[in-house]
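Presented below is the structure to which this report refers.
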């Protein structure tokens with residue numbers, strides 16, 4: 001199967017131009033090794049059973065011998081031989097060169113190293129594939145271009161149907177799922193990842209035995225509260241409806257899922273446009289990919305024909321995943337805004353240069369007006385705030401956008417951009 005270009009390719013090139021080594025992190029199955037191999041000129045795979053015993057022997061006795069080879073040299077599943085980290089760090093110090101090493105490893109194993117890789121080995125995070133990377137978004141609207149030249153955008157048309165969006169949500173952005181021979185086979189990857197996470201990885205992450213049933217129940221409850229501001233006590237009450245679980249035990253499982261990069265909550269944006277007590281600060285519950293929620297709920301694409309409310313939450317999760325991928329080259333940070341008067345922006349995207357976008361995510365056409373009104377009201381509040389704040393006025397949003405599951409994109413008379421997720425790219 002040919003390599004599908006990833007937005008992370010550009011990030012990896014930048015890391016190798018600036019640092020001696022790059023460490024690619026990300027959830028299991030997101031394509032870290034395949035992406036790393038596109039840049040590497042030599043590879044050491046510790047999971048290769050033909051060479052594994054020999055590699056580990058060298059790594060434990062004289063790890064610098066494994067560094068010999070064409071650069072950049074990739075060490076896949078480096079956590080199996082943690083001494084290699086120190087050897088790489090020393091070689092980078094000794095040579096002073098950049099672009100020497102790439103490291104990838106499973107998120108299912110947490111390894112402490114005696115030395116950090118600060119200023120030597122730079123981390124970068126990979127996500128599952130966006131719709132543009134999987135070839136499902138036609139990419140007619142560039143997020144970067146919307147920030148740089150918003151006046152150049154006029155209209156666009158998505159090729160994605162609502163049924164295809166449902167399928168993409170349940171299948172997820174896992175590269176292996178694209179190889180499936182049938183639709184059922186493509187859907188099986190996310191389900192298997194969910195099972196593996198609960199049955200094996202949640203215990204393997206730190207070699208602490210955990211209950212697979214409890215793990216499944218927690219993720220199922222998380223999925224029921226996807227993209228909401230549900231408090232811990234709400235989720236814990238849902239979990240303990242089936243069996244007793246203490247709050248420390250719950251937090252232990254959630255911490256494990258975070259280390260596995262399965263759970264990835266969204267923090268709040270708290271500008272001073274309302275009283276601090278009125279702006280909500282709870283994390284918004286989310287997974288790294290919406291397919292995990294679909295697998296936890298044990299639902300298929302067909303299920304959503306009778307439950308559009310749940311589909312809306314999973315669609316929001318899909319869009320947030322893609323926004324993170326598309327903005328990664330500019331170190332984008334995603335948060336949300338929600339106050340006690342129910343004024344909200346589903347996503348607030350901040351770029352490293354200070355520009356930001358207020359974004360609402362609406363599956364259907366009928367919700368676009370409400371989403372646009374929310375964004376315009378937040379902007380109005382910022383303007384009002386700035387009239388009384390001469391010292392440090394808040395920057396006005398550089399972009400106001402409603403992302404939809406609809407067919408057509410356009411600019412509204414009020415200046416809000418309506419963009420189908422099936423047209424968006426980096």
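Here is how the numbers come out for the structure above:
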{"item": "Members of region 330-344 that are in a strand (DSSP E or B) and in contact (Cβ under 8 Å) with a residue 40 or more places away in the chain", "result": "334, 335, 336, 337, 338, 339"}
{"item": "Some residue of region 127-149 being closer than 30 Å to residue 89 by Cβ, surrounded by 13 or more Cβ atoms within 10 Å (Cβ to Cβ), touching a residue at least 24 places away in the same chain (Cβ under 8 Å) and out of contact with any strand residue (DSSP E or B) (no Cβ under 6 Å at 6 or more places or on another chain)", "result": "yes"}
{"item": "Residue that is surrounded by the most Cβ atoms within 10 Å (Cβ to Cβ) [pool: residues in region 94-107 that are within 30 Å of residue 194 (Cβ to Cβ) and touching a helix residue (DSSP H, G or I) at 6+ places or on another chain (Cβ under 6 Å)]", "result": "102"}
{"item": "Sole exception among (1) over 22 Å from residue 324 (Cβ atoms); (2) assigned to a helix (DSSP H, G or I) for residue 159, by number", "result": "(2)"}
{"item": "Filter result (farther than 22 Å from residue 316 by Cβ and under 19 Å from the mean Cα position of the chain (by Cα)) within region 167-188", "result": "175, 176, 178"}
{"item": "Verdict on residue 278 being in contact (Cβ under 8 Å) with a residue 40 or more places away in the chain, exposed (fewer than 15 other Cβ atoms within 10 Å of the Cβ) and over 24 Å from residue 319 (Cα atoms)", "result": "yes"}
{"item": "Single match in 214, 269 (criterion: surrounded by 17 or more Cβ atoms within 10 Å (Cβ to Cβ), in contact (Cβ under 8 Å) with a residue 24 or more places away in the chain and over 19 Å from residue 293 (Cα atoms))", "result": "269"}
{"item": "Matching residues, region 243-269, being more than 18 Å from the chain's Cα centre (by Cα) and outside any loop (DSSP other than H, G, I, E, B)", "result": "247, 248, 249, 250, 251, 252, 253"}
{"item": "Count of region 5-26 residues which are touching a residue at least 60 places away in the same chain (Cβ under 8 Å) and under 13 Å from residue 325 (Cβ atoms)", "result": "7"}
{"item": "Residue in region 154-163 that is modelled with pLDDT under 95, outside the structural domain of residue 60 (by TED's automatic domain parsing) and surrounded by fewer than 17 Cβ atoms within 10 Å (Cβ to Cβ) present", "result": "yes"}
{"item": "Wholly within region 1-93, strands (runs of 3 or more DSSP E) carrying at least 3 residues that are buried (at least 19 other Cβ atoms within 10 Å of the Cβ) and modelled with pLDDT of 95 or more", "result": "21-25, 73-76"}
{"item": "Some residue of region 288-301 being in the same structural domain as residue 395 (by TED's automatic domain parsing), touching a strand residue (DSSP E or B) at 6+ places or on another chain (Cβ under 7 Å), in contact (Cβ under 8 Å) with a residue 40 or more places away in the chain and crowded, with 17+ Cβ neighbours inside 10 Å", "result": "yes"}
{"item": "Odd one out for residue 40, checked against (1) out of contact with any helix residue (DSSP H, G or I) (no Cβ under 8 Å at 6 or more places or on another chain); (2) without any contact (Cβ under 8 Å) to a residue 40 or more places away in the chain", "result": "(2)"}
{"item": "Selection status of residue 282, on the phi > 0 side of the Ramachandran plot, modelled with pLDDT under 95 and assigned to a loop (DSSP other than H, G, I, E, B)", "result": "no"}
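Every residue, every condition in (1) within 21 Å of residue 320 (Cβ to Cβ); (2) assigned to a helix (DSSP H, G or I), yes or no:
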position: 349; (1), (2): yes, no
position: 352; (1), (2): yes, no
position: 357; (1), (2): yes, no
position: 361; (1), (2): yes, no
position: 370; (1), (2): yes, yes
position: 374; (1), (2): yes, yes
position: 377; (1), (2): no, yes
position: 380; (1), (2): no, yes
position: 385; (1), (2): no, yes
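The values are calculated or read from the model by the stated rules, or taken from the named source; none is laboratory data. What you see is a predicted model, and the numbers here were worked out from it, not measured in a lab. Please note: Cβ atoms are built from the backbone with ideal geometry, for glycine as well, and neighbour counts cover all protein chains shown.
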